[in-house]
Amino acid sequence: HSDIVAQISEDARKELMIEQALNAIKDTWSSTEIDIVEYKSGRYYKIRSTDDLFNILEENMVTLSGMKASPNFMAFEDDIKYWESTLTGISEAVELLLQVQKQWMYLENVFAGGSQVDIKKHLPSEVSKFEKINEKFTDLMRLIYNDKNALRACTLKGISDNLNDYNLGLEKIQRELEL
């Protein structure tokens, strides 16, 4: 009987470790923020750094992978899959935010620069397209600035689809400017 009790005790200890690690991940993401700051005298906002965010993501993904290798995985399968999916979504959303931000910053300088009158005269369609994306993207960045929590910001309904649309639109505008 002592072998059975020892095995049950060991299984319970391993399950407790997984449960504590999942709680630690949950706690981490309840307080992890996107490093977003004012840009151009507070007219806009930009992500300043993502190093800490990506380090936390990587660390948590490694922890989750370790949990999946455990024989006690099945008791926590739904939670582990939820966090894997959520963290993957956060990673993708931040990558897209950075990509769109880079293009947006370049084009915002082009369209808001000193030759703005010439650009509006010669490229009215591109100006109009940029202004629409600019409004939507800056609204999103303002929303993120007002609630910097990475989990909430990166799981906003439709964020990846919207960012993909902004990205494609900005790429198209960029190509038109190069012609």
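If you filter the range 21-102 for trypsin sites (Lys or Arg not before Pro), then keep DSSP loop positions with at most 14 other Cβ within 10 Å, what is left?
Passing both the DSSP loop test and the Cβ count: Lys40, Arg43.
Quick check on the range 23-126: take the gyration tensor over C-alpha atoms, sort the square-rooted eigenvalues as a ≥ b ≥ c, and tell me if it's rounded (a/c under 1.5), prolate or oblate. Each step should come with its number before you reach the end.
On the way: a/c = 4.63, a/b = 2.95, b/c = 1.57.
Here the range 23-126 falls in the prolate category.
Which one, (i) 1.29; (ii) 1.42; (iii) 1.08, gives Cα Rg over 2.2 N^0.38 Å as derived from the coordinates shown?
It is the one labelled (ii).
When the C-alpha atoms of the range 87-179 are aligned to their principal axes, what extent does each axis show, in angstrom, from largest down?
Principal axes ranked by extent give 43, 24, 17 Å for the Cα atoms.
Could you give the accessible area per residue of the chain, probe 1.4 Å, as a whole number in Å²?
Counting only protein heavy atoms, the per-residue value for the chain is 60 Å².
Could you check how much of the accessible area of the chain is carbon and sulfur, as a whole percent, using a 1.4 Å probe?
50
Quick check on my link table: of Lys102/Lys136; Lys68/Lys157; Lys121/Lys172; Lys26/Lys136; Lys148/Lys172; Lys46/Lys136, which ones sit more than 24 Å apart, alpha carbon to alpha carbon?
Numbers: Lys102/Lys136 15 Å; Lys68/Lys157 28 Å; Lys121/Lys172 19 Å; Lys26/Lys136 30 Å; Lys148/Lys172 30 Å; Lys46/Lys136 14 Å.
Exceeds cut-off: Lys68/Lys157; Lys26/Lys136; Lys148/Lys172.
How much accessible area does Asp165 have with a 1.4 Å probe, in Å² rounded to the nearest 10?
90
The values are calculated or read from the model by the stated rules, or taken from the named source; none is laboratory data. The shown structure was predicted, so the numbers you read here are calculated from the model rather than taken from an experiment. Every residue, glycine as well, gets a Cβ built from its backbone with ideal geometry; the counts of neighbours run over all protein chains shown. Note: accessible area is taken over every heavy atom of the protein model, side chains too, but ligands, DNA and RNA are not part of it. Shrake-Rupley method; radii C 1.70, N 1.55, O 1.52, S 1.80 Å.
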